[in-house]
1. Given the criteria open to solvent by less than 30 Å² (accessible area, probe 1.4 Å), outside any strand (DSSP E or B) and among the aliphatic types (A, V, I, L, M), does residue 170 qualify?
2. Hey, can you tell me all the residues within segment 10-37 that are open to solvent by less than 40 Å² (accessible area, probe 1.4 Å), assigned to a loop (DSSP other than H, G, I, E, B) and either closer than 30 Å to residue 585 by Cα or of a type in the set (A, V, I, L, M) (or both)?
3. Given the options 273, 269, 288, name the one that is among the aliphatic types (A, V, I, L, M) and not in a strand (DSSP E or B).
4. Looking only at residues in segment 623-641 that are open to solvent by less than 70 Å² (accessible area, probe 1.4 Å) and assigned to a helix (DSSP H, G or I), which one is modelled with the lowest pLDDT?
5. Where in segment 767-876 are the helices (runs of 4 or more DSSP H), entirely inside, with at least 2 residues that are among the aliphatic types (A, V, I, L, M), open to solvent by 30 Å² or more (accessible area, probe 1.4 Å) and touching a residue at least 24 places away in the same chain (Cβ under 8 Å)?
6. Quick test for you: out of 928, 945, 894, pick the one residue that is under 17 Å from residue 1003 (Cα atoms), open to solvent by 10 Å² or more (accessible area, probe 1.4 Å) and either hydrophobic (A, V, I, L, M, F, W, C) or out of contact with any Gly (no Cβ under 8 Å at 6 or more places or on another chain) (or both).
7. When you scan segment 192-215, do you find a residue that is open to solvent by 70 Å² or more (accessible area, probe 1.4 Å), within 12 Å of residue 745 (Cβ to Cβ) and at pLDDT 85 or above, even just one?
8. For segment 84-112, how many residues are modelled with pLDDT of 85 or more and closer than 20 Å to residue 448 by Cα?
Amino acid sequence: MLALFLLLGFFGYYSWTRLSIEAYPDIADVSSQVVTQVPGLAAEEVEQQITIPLERALNGLPGMHVMRSKSTFGLSIITMVFDDGVDDYWARQRIQERLTDVELPYGAQPGLDPLTSPIGEVYRYIIESNTHSLRELTDLQNFVIIPRIKQVSGIADVTNFGGITTQFQIELDPHKLEQYGLSLSEVTETISRNNVSAGGSMLPRGNLAYVIRGIGLVKDLTDLGKIVVKTQNGVPVFLNDVGTLKYGNLERKGILSYTDRKRNYSESVEGIVLLLRGQNPSQVLEGVHQAIEELNKETLPPGVKIHPFLDRTDLVKTTLTTVSHTLTEGIVLVIIVLIVFLGSWRGALLVAITIPLSLLFAFILMHFTNIPANLLSLGAIDFGIIVDGAIVMLETILKKREDNAEETLEEKTITQRVIEVAKPIFFSTIIIITAYLPLFAFERVEKKLFTPMAFTVGYALLGALAVALLLIPGLAYVIYRKPQKIYHNKWLEKISTAYGKRIEKIMQTPKKVIIPVSIVLLSAGILSYTVGKDFLPELDEGSIWLQVQLPPGISLAKSKEMSDTLRARTLKHQEVTYMMIQAGRNDDGTDPWTASHFEVSVGIKPYSEWPSGKTKADLIKELAADYKNMPGFTVGFSQPMIDGVMDKISGAHSELVVKVYGEEFKETRRIAENIMSTLNTIPGSADLAIDQEPPLPQLQIIADRDKIAQYGLNVADVADLIEVALGGKAISQIFIGNKVYDISCRYTEDSRDTPDKIGNLMLTSASGAKIPLSQVAEVKLSTGESTITREMNKRHLTVKLNLRGTDLSSFLKKAQDKIEKDIQYDHGKYQVKWGGQFENQNRAYSRLAFIVPLALAIMFLLLYSAFGDFRQALVLMSIVPLALFGGMLALNIRGMSLNVSSAVGFIALFGVAIQNGVIMISHINDLRKKGYDLKLAVTKGAKDRFRPVLMTATVAVIGLFPASLATGIGSDVQRPLATVIVYGLMFSTILTLFVLPAIYYMAERRNEKQNLESDEN
């Protein structure tokens, strides 16, 4: 048997090396985005002509939970969130099938986002150099760095932010076009026709065949300038005769800036590495690190270096350090307690081998069932509970040794003792595993968070059960078979004697326990009502993520200036290590932001380097106070991973949202602004803002169809002038080695920098007549929507907010009542709905209300099958409400809220508390079968089982005690769970030892009296 377990141990270690190791589970839903770019199109047109047709095509997708969309300048993003269990690839295939049937104007082509997760941004870096320009760094990023990193298996994509995207630009002079009698369309068509290559099949020459290539591609600005656009009187007019050719750049929509203690870049180039969903982040990041090292040492030119500033490996290491510290402390404390109780280091180590063996057994099953190792799946294991079965088994053999100190133990008698306790050990372990079954009934976020924990704990308990039943008896028999000096724990014997006297006194008047039990039950009810209620504790990622809103409509240059101010102000805080700011959107246009929006990553030092007593919450308060005094900045606080998850859950980057549904923009904004003002008066609200920017200034060119027809023009002629001459539309491409650059064409800036000049731009009719734009269209300044958001085909505005210093339930009650009372609007045309963590909490709590009673019912059935007695199963279930008191008391005293994590703690607590009761009641029943009368059996049974119950409870409490006090990164979810188990078990053990025997005695005595009366009758 020992050899078998050693073999399992080796295989367990191998399995551990193959496990996917994460900081936190991927809690994001299955989702996909349809991204469609239409450069230059305003939000209203994007919604009407792109987003709505796509939404109609995607309606009713199988398994779709919700569909949201954002229509902004030149961009449509439709996000679909699917139900649990829907496969990513299957969902994307269904979307692709629907998209093939959609025909969109302007040649728009919808595409899917990379297959990643909201928490898939595993690595961020900047490219730094004192010798290369921003343009050169961008070229290195696009054509050297990104292709190399994407070679790493498991990478979904690498996206660029910032820098300068090079274009070969032609700035046409409209006066010269008039001088040479050229139209804009003639120039663009000529450029396209003069930048082509052709294939001419094969030319046979003797035994050889030559491939025929026609090479006419433009190679540089010189080639481009030599394109003949017209011939006048036999004299060619070249492209460089009608305009200026230059190396320019795509019109910038965003800027990346970065500052740390050594660097300060107002502009830089950033790369964001996205993990393919379902891949092992540890293995993928190992490949990324190798690629970065190769690029820095071998590939990049001298003076250019990649500097990573956000690496998921750091978070994984930090959380694993936190978990390993709490686990190590728990293991050491458990061993110390075992030595103290057993008085034998051999016995303590014998029990302690259950810990590594059960873990290795769990690793094997985790490997086969593809369960990742993370903070929760490992951190929630209580080694005190793991060794409970082994303690009871060893205690039984030790008791036999103590009773027969001078005799050699026989295998037969040991086997008999083992069989006696095997059944209660088996059933009590199964009951604890059953306690975790409700976790499998969770949905969405909470399911992904806690299901790996349920699997891991269940696997470890099965391993511990196998060790307790199959390995411990044999090893204990070998160690204790021969007569030896028995250690007598003096203080434990004194406590046992005192307990024996107390239990005898209780048994004389057992009804006296009813009053204290009633007080405990009443207190448990009151405490359950007064405790604050949340969805989840905050998962500390060891960094800060900011969503910053600036005054609407500001230029990119002003945005850059405000970025410099924000970085300088933030770096004054010594706890901050770096600040990265993404202003606006990336050049590929797939972000829905304008220059009025920052996304900001703030790095912070390890907490061990902070001033004593200072917390992350304190730093956030200081930063919030600073930002409040900076005009023009509206700042919301979050964290990198959870920010992306909340965006998918609620459609906004915040914990809570209030959505105002309605078609009229002005009225929905009025309602949203009133809601924001109302929420601002409620204590606990923070980071309040309307997610969508207010209307922005627009220059509208409104075509007059009658005049267009009068001059023999088409609306398309006006559209081409706007797209090309004003917007700088790409009309062709230049290939240089492995690099590709766009050729863009637009009018010189001094000919289009005012509304009047734009109105004077000329259109060319079919007859060659020149007509000013202002003659066929109205050119005026106005305002228009910046971003239009929709959910399930309805327009809405979103008020977003975070909570600080209050729990979710208390805040919601006040906020909902106040909004209903104070906000006036037409309820027929407009609806107000809450979302975010509120939806999650309601879903999780309604699920708990169903599955916790179901789990208790399953436990009851197991107890009934174990004892074959409805009455005794009911007595054991009475421990549950008594255990509830200890957990609720701890939450109230420590100022913690009841959330999904602490609820999971209660589920586990009920199983462990019942386990102790099973150990005691089983022994009492055995004594009664041996002929002891009821009172004597209860008294003796309680005394006999005092030591194992006290020992199992103590090691269970001590095993999770470090986790209940832990404060490092990764301890947030552990702490409420551990707090409930530790303090709940303390109280439930006291009640098990003193109250359970009395309740059992009263129930059995009443049953005996009833049986006696029925016999007499």
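1. On the way: open to solvent by less than 30 Å² (accessible area, probe 1.4 Å): yes; outside any strand (DSSP E or B): no; among the aliphatic types (A, V, I, L, M): yes.
In short, no.
2. Within segment 10-37, 19, 22, 23, 24, 25, 27, 28, 29, 30 meet the criteria.
3. Working: 273 fails: not in a strand (DSSP E or B); 269 fails: not in a strand (DSSP E or B).
The match here is 288.
4. Restricting attention to segment 623-641, the residues satisfying the condition of being open to solvent by less than 70 Å² (accessible area, probe 1.4 Å) are 623-627, 630, 632-641.
This time we only want the ones that are assigned to a helix (DSSP H, G or I), so: 623-627, 640-641.
Working: 623: 89, 624: 87, 625: 87, 626: 88, 627: 88, 640: 80, 641: 77.
Result: 641.
5. Numbers: elements: 773-776, 808-822, 837-867.
Filter on segment 767-876 gives 837-867.
6. Numbers: 945 fails: under 17 Å from residue 1003 (Cα atoms); 894 fails: under 17 Å from residue 1003 (Cα atoms).
The conditions single out 928.
7. no
8. Counting residues in segment 84-112 that are modelled with pLDDT of 85 or more and closer than 20 Å to residue 448 by Cα gives 6.
The values are calculated or read from the model by the stated rules, or taken from the named source; none is laboratory data. None of the values given here were measured: they were computed from a predicted structure. Backbone-built Cβ (ideal geometry, glycine too); neighbour counts: all protein chains shown. Only protein heavy atoms, including side chains, enter the accessible area calculation; ligands, DNA and RNA are left aside. Shrake-Rupley method; radii C 1.70, N 1.55, O 1.52, S 1.80 Å.
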